[in-house]
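The values are calculated or read from the model by the stated rules, or taken from the named source; none is laboratory data. All values reported here derive from a predicted model rather than from experimental measurement. Cβ: placed from backbone, ideal geometry, glycine included. Neighbour counts: every protein chain shown.
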Amino acid sequence: MAHAQPTDRPAEPQLLLGLGLRLISALSLALMFAGVKWAGQRGVGVAESLFYRQIGSAACAATWVAAGPGFATLKTKRFGAHAARMAIGLIAMGLNFLAIMLLPLAEATAIGFSVPIFATLLAAVVLREPTGRWRWGAVIAGFLGVLVIVQPGSNHIGAYGGLVAIGAAVSTACATIAIRRLGATEATGTTVFWFAITSLVPLALLMPFVGHAHDGPTWAAIAAFSLAGGIAQLALTGALRLAPVSLVVPMDYSALLWASLLGLLIFRQAPSHWTWLGAPIVAAAGLVILWREHRLRIAGSAVTAVSEVQE
């Protein structure tokens, strides 16, 4: 689908706008998770939260496609790959929501920073991507950072909640690998749209069994986190269209500040000193991985350019 590629990144990058959109996405995700946690305390389960979250995502994805590349660009021959991505994505999102309900916002967010670390490990094993000492060193350091946050064997974080959060990071990394495979032929908008639409099918089948009536404030929270999730999806997509990945992704780590603030204001949960010690280690490991991939991409582009000139 070569005709869809220009929709992923414009010819004239707008760096400041891209950075701003990525910061908005980090804030929106923090608000979404806070809403999920608050609604969960009022009886809204994981599957129910997923259903309402994906309604917002589907609406935003459809709006973005209609206003941008158009629905004609959504044609695909890889329905099986999209279905697999949907299944992995739902598992990842479900575990993330459960981790948010079980752990303080800051701790769950900090453990979530380990996604690039697990993605690097899976890419080396599943995709056979070459991984040098820089990235392996970052993977090891990132694992140590996660251990600092979780503190295995202590009462700092419940064992079940910690395992769920780590499982959420691993499954999100699996979703990243699935998206990377789809990216070989599918545009960003195509992947986002089909994930949002197809995921509503199994979730809708579950709703008669998990759906409940709620009071006004709870419905308001559901509407708010659904909208926040949709805004985050659009902002993430827009940021990647306007600025390089290596520039905008570091903005994601601002989510820890928002999660800490929301956790303190709404849930009276302050991050522990272990979280403030471990989170920078995990974040630094992720940034090293990002930096190394960026350098290798530049080197690969230079080699390709030289080859084309020689031909």
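Annotations for the structure displayed:
- From the list A34, A92, A87, the one residue that fits, being in contact with a Ser or Thr (Cβ under 8 Å, 6 or more places away or on another chain) and in a helix (DSSP H, G or I), is A92.
- Considering residues of the range 190-201 that are surrounded by fewer than 22 Cβ atoms within 10 Å (Cβ to Cβ) and touching a helix residue (DSSP H, G or I) at 6+ places or on another chain (Cβ under 7 Å) only, the residue modelled with the highest pLDDT: L200
- Single match in G162, G142 (criterion: within 19 Å of A283 (Cα to Cα), at pLDDT below 85 and either over 16 Å from the mean Cα position of the chain (by Cα) or not in a helix (DSSP H, G or I) (or both)): G142
- Screening A141, A213, A184, A220 for residues that are under 30 Å from A270 (Cβ atoms), of a type outside the set (S, T, N, Q), free of Cβ contacts under 8 Å to residues at least 12 places away in the same chain and surrounded by fewer than 22 Cβ atoms within 10 Å (Cβ to Cβ) leaves exactly one candidate, A220.
- Exclusive hit being within 15 Å of G229 (Cα to Cα), in a helix (DSSP H, G or I), at pLDDT below 95 and out of contact with any Ser or Thr (no Cβ under 8 Å at 6 or more places or on another chain), set R22, R53: R22
- So G167, is it over 13 Å from the mean Cα position of the chain (by Cα), surrounded by fewer than 23 Cβ atoms within 10 Å (Cβ to Cβ) and modelled with pLDDT of 85 or more: yes
- Any hit, the range 251-267, residues being within 29 Å of Q54 (Cβ to Cβ), at pLDDT below 80 and either more than 18 Å from the chain's Cα centre (by Cα) or among the aliphatic types (A, V, I, L, M) (or both): no
- V148 vs. criteria in contact with a Gly (Cβ under 6 Å, 6 or more places away or on another chain), part of a helix (DSSP H, G or I) and under 29 Å from A270 (Cβ atoms): yes
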